[in-house]
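Inspection log for the structure reproduced underneath, given as structure tokens.
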Amino acid sequence: MSYGKSRIARIRYNLEFSGYEAIVFIQDAGETFSYPSFVAAPLDAEYALVMEQLSSKALRKHRSANPGLRSHLKQITATPQAPELPPLAA
């Protein structure tokens, strides 16, 4: 099974736990899921490696039968609006 693109947002370094944390968005079958992700690493860790690990941890959570904390973002569909002048009753 193929999972679509992932996007990483809100990256920050957590001094208390000595690692990077971020929200990772995963697109799957037209739907978007977001997962909190954490990687223990020094402050001067290689950026590409940190990004790859954050993304892979979120993908493992997404594929898991019990993904834990996640958010499911649904697409807002256009709702039909009422006509400006409703038909007159007979």
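The values are calculated or read from the model by the stated rules, or taken from the named source; none is laboratory data. Keep in mind that what you see is a predicted model, and the values were worked out from it rather than measured. Cβ placement follows ideal geometry from the backbone for every residue including glycine, while neighbour counts extend to all protein chains displayed. Areas reflect the complete protein model, heavy atoms only, side chains present, ligands, DNA and RNA absent. Shrake-Rupley method; radii C 1.70, N 1.55, O 1.52, S 1.80 Å.
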Q.
If Arg10 meets every condition in (1) out of contact with any Ser or Thr (no Cβ under 9 Å at 6 or more places or on another chain); (2) modelled with pLDDT of 90 or more; (3) assigned to a strand (DSSP E or B) apart from one, which number is that one?
A. (2)
Q. For Phe25, are the conditions met, namely being touching a Gly at 6+ places or on another chain (Cβ under 6 Å), at pLDDT 65 or above and in a strand (DSSP E or B)?
A. no
Q: From (1) open to solvent by less than 70 Å² (accessible area, probe 1.4 Å); (2) modelled with pLDDT of 65 or more; (3) not basic (Lys, Arg), pick out the condition that doesn't hold for Asn66.
A: (1)
Q: Read through the list (1) out of contact with any Asp or Glu (no Cβ under 9 Å at 6 or more places or on another chain); (2) at pLDDT 90 or above, then give the number of the only condition that Pro83 fails.
A: (2)
Q: Give the residue that is nearest to Lys61 (Cα to Cα), with candidates limited to residues of the stretch 8-51 that are loosely packed, with under 15 Cβ neighbours inside 10 Å and among the charged types (D, E, K, R).
A: Glu31
